[in-house]
Amino acid sequence: MAKQVLVLGCLILVLSCQTTEVNRLKAENDSLRKELSVCKNEETELRRKEKELIGRISSLETELKELREVGEKLTKDNEARKHRIAQLERDLARLNEDHQYLSKVLEELRFTTQPSSREKPSLETGQKGLEIRSGLVKTRQPDGRIEYFDASISSLDAQRVYLSIEEKRDGTLSLFLNIQHGYWVIRKDYSVVGVALSKGEKTFSIPYNPSDVHAVEQGGFRKETLRLLVKGKILEILKELAQGEGEIHLLIAFPDFSQDRVLSRLEVQGMGNVYYAFREMGGAL
């Protein structure tokens, strides 16, 4: 009997312990469920915040990209402005050189007065006045052409570059560029293969046709004159040569070698005289 009571007491004790453990586990389980619920809520909130941050990052990246594009555009615009400023500075320097050059030419011109009337002077009146003031001379060529030259060219030898004015029968004027050079004919096929004018780093090949070459040969010496109407390419070349200061070179190319001669002050001054005479006489390019 005592043994049964002992067993029953142990059983009651065991059941009591199990009930307490079960209650503890249930309480712990409820606590864990609550914590799990809180964690899930926090997870949901964190995902929402993550989504917002991702959207914000994407927006900032887009904004950064736009700012970079704007920055690159501003940099390009700034470079373009710097390039334009440099170009304008070069143009200004070139204009200053042109102004100085033209001032020198005007000072060197031997005719200084201008017609008092705004009307274009008559050819005869303008020509006579220029002959007196500038040394411009009138010449009738063997073929009947009437031409005007600066008197200074008569002092030059067979190698010379000069401008001339041709008066046509109807009274109109034309301006010509004349390039005269001479050489000894060593071989029968020896001839000039190219003519050019240069100034500074620029070289301008003179375009011409065989009909533009007027040649005289005597005793093995051949004298050639290129007679070119000042228009188109020739006019562009003369405008380029008139820019700024510096020596003008005449280059004559032969099959085996080339000649390089610097134009004299008389040649340059004479061309300036004839050009301004051409303008004063009523000529236009």
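The values are calculated or read from the model by the stated rules, or taken from the named source; none is laboratory data. Quantities reported herein were computed from a predicted structural model and do not represent experimental measurements. Because the Cβ atoms are built from the backbone with ideal geometry, glycine has one as well, and the counts that use them run over all protein chains shown. Side chains are part of the model used for accessible areas, which takes the heavy atoms of the whole protein and leaves out ligands, DNA and RNA. Shrake-Rupley method; radii C 1.70, N 1.55, O 1.52, S 1.80 Å.
Just to confirm my filter: which strands (runs of 3 or more DSSP E) fall fully inside the range 198-285 and include at least 2 residues that are open to solvent by 20 Å² or more (accessible area, probe 1.4 Å) and in contact with a helix residue (DSSP H, G or I) (Cβ under 8 Å, 6 or more places away or on another chain)?
Output list reads 202-205.
Could you give me the residue pairs with C-beta distances under 6 Å whose first residue belongs to the range 152-172 and is on the phi > 0 side of the Ramachandran plot, whose second residue is outside any strand (DSSP E or B) and modelled with pLDDT under 85 wherever it lies, and which are 6+ apart or on separate chains?
Filtered contacts from the range 152-172: G171/L123.
Quick check on this structure: which one of L163, L156, L177 is modelled with pLDDT of 50 or more, open to solvent by 30 Å² or more (accessible area, probe 1.4 Å) and farther than 15 Å from G282 by Cα?
Only one candidate passes the filter, namely L156.
Considering only the range 156-174, state which residues are of a type outside the set (A, V, I, L, M, F, W, C) and in a strand (DSSP E or B).
Once the filter is applied, which keeps residues that are of a type outside the set (A, V, I, L, M, F, W, C) and in a strand (DSSP E or B), the range 156-174 yields R160, Y162, S164, E166, E167, S174.
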